[in-house]
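None of the figures in this text is laboratory data; all of them are computed from the coordinates on show. Since the model is a prediction, treat every value here as computed from it, not as a measurement. Methodologically, a virtual Cβ is constructed for each residue, glycine included, from the backbone with ideal geometry; neighbour enumeration extends over all protein chains shown.
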Amino acid sequence: MSLDELREKILKLKQKKNAVILAHNYQRDEVQEIADFTGDSLELSRRASTYDCDVIVFCGVNFMAESASILSPDKTVLLPAMEADCPMADMITVDKPRILRMNFPGYNDVTYEYPEKFTLRDMKKRYPGVPVVSYVNTTADVKAESDYCCTSSNGVKIVDGIDSDRVICVPDRNLAAWIAKNTKKEIITWDGFCHVHDRIRQVDVVAAKSAHPAAVFVAHPECRLDVCEMADHVTSTSGMLRYCWESDAKEFIIGTETGLLYRLRLENSGKRFYPLRNDMLCPNMKKTSLRSVLFALENNTQVIKVPEEIRVPAKRALDRMLEIA
Ligand code: 13P
Ligand code: SF4
């Protein structure tokens, strides 16, 4: 089937099923193109709850579809790609220790083993009474075990808004380091990371800047702290879209997954965008295709439904974040 035929079938079926298609900023170009809305992880879930629809086709990774289900329990949430997980979200568990063997393509061929029999509940026991802020890149049960959530753009604000001098931030060590740098509070961190962003080193920034000396450098806070410190601006994927759109600069080095370049180029015709490194690719984000979107709509697969006993406390953590932000 050609791309045009796929698109036509999807649009017809979408109407018939009263469905909306939401796509994360890292999705393949053709998936973003067909979406009703594209955005960062939290924007997508919040937007999902505002649509008067029966079905949400969530083109992203598992934790994002879970967030949509947490905020829209009456809608059917479909995740078209099988096993589209976020390895960083999988680096923390609530109470069942597990050793994860992860092999990240292009990331120094490292097989990463994590965590060493340590869980979020162990962490809470080690620091009794210290509030837990979980990044939205976590599974629903980790959110349910947390006091607050935060996003890549509001982490500092959330930590500053909590009535405690010490805060536990999980699972991303790099986001936690960025928050620690920008708050007076003591931050206790987990040792998780995103292999797409963590692979970037200062030498990569130096190389990109010398290739494009007039370019402004924007970074995602999942990059290492020493890389973020070289950036002109550090924010979420949609924060980057807004920043580049509002900026008078004409050239930008983009320190995040290369899928963001699709919208940056589409929305800013007079400006030039360069990936910080060409291998900033998230394989899980690229698992969704037009074919899998069509299959999901035709067969109602795979339904992501967070059980009520997890959904209610997870929503509380998200709501507390929204109150502060
Ligand atoms: P954003 O929420 O900034 O879109 O980030 C999601 C993500 O997975 C980053 O790697
Ligand atoms: Fe997870 Fe990184 Fe992929 Fe984002 S880019 S979904 S944090 S692995």
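Results, tabulated for the structure shown:
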read-out: Global form of the range 225-325, assessed from the alpha-carbon gyration tensor, a/c cut-off 1.5; value: oblate
read-out: DSSP loop GluC sites (Glu not before Pro) with at most 12 other Cβ within 10 Å: longest gap in the chain; value: 117-325
read-out: Summed residue charge, Cβ within 12 Å of VAL167's Cβ, Lys/Arg positive, Asp/Glu negative; value: -2
read-out: Percent RCO, i.e. relative contact order, over the chain, from Cα pairs under 8 Å lying at least 6 residues apart; value: 22
read-out: nm² value of the averaged projected area, convex hull over the Cα atoms of the chain; value: 16.7
read-out: FRET efficiency estimate (nearest 0.05) - Cβ-Cβ, GLU229 to ASP74, R0 35 angstrom; value: 0.20
read-out: Modelled FRET efficiency - R0 51 Å, SER164 with ARG101, Cβ distances, 0.05 increments; value: 0.90
read-out: For PRO73, net neighbour charge (Lys/Arg +1, Asp/Glu -1) across residues whose Cβ lies under 10 Å away; value: +2
read-out: Simple spin-label estimate for VAL130 and LYS157 in nanometres, 7 Å along Cα-Cβ; value: 2.5
read-out: Extended-chain gain in nm, criterion 0.36 nm per residue less alpha-carbon gap, TRP245 and GLU309; value: 18.9 nm
read-out: Too-long pairs where the Cα-Cα distance tops 27 Å, listed order kept, from LYS185/LYS286; LYS209/LYS287; LYS9/LYS75; LYS75/LYS125; value: LYS185/LYS286; LYS209/LYS287; LYS75/LYS125
read-out: Hypothetical label at ASN182: residues of the range 152-169 whose amide nitrogen lies under 18 Å (7 Å Cα-Cβ projection); value: 152-162, 167-169
read-out: Cα lying deepest toward the dipole's positive end in the range 191-247, options SER236, ALA215, LEU225, charges on Cβ; value: ALA215
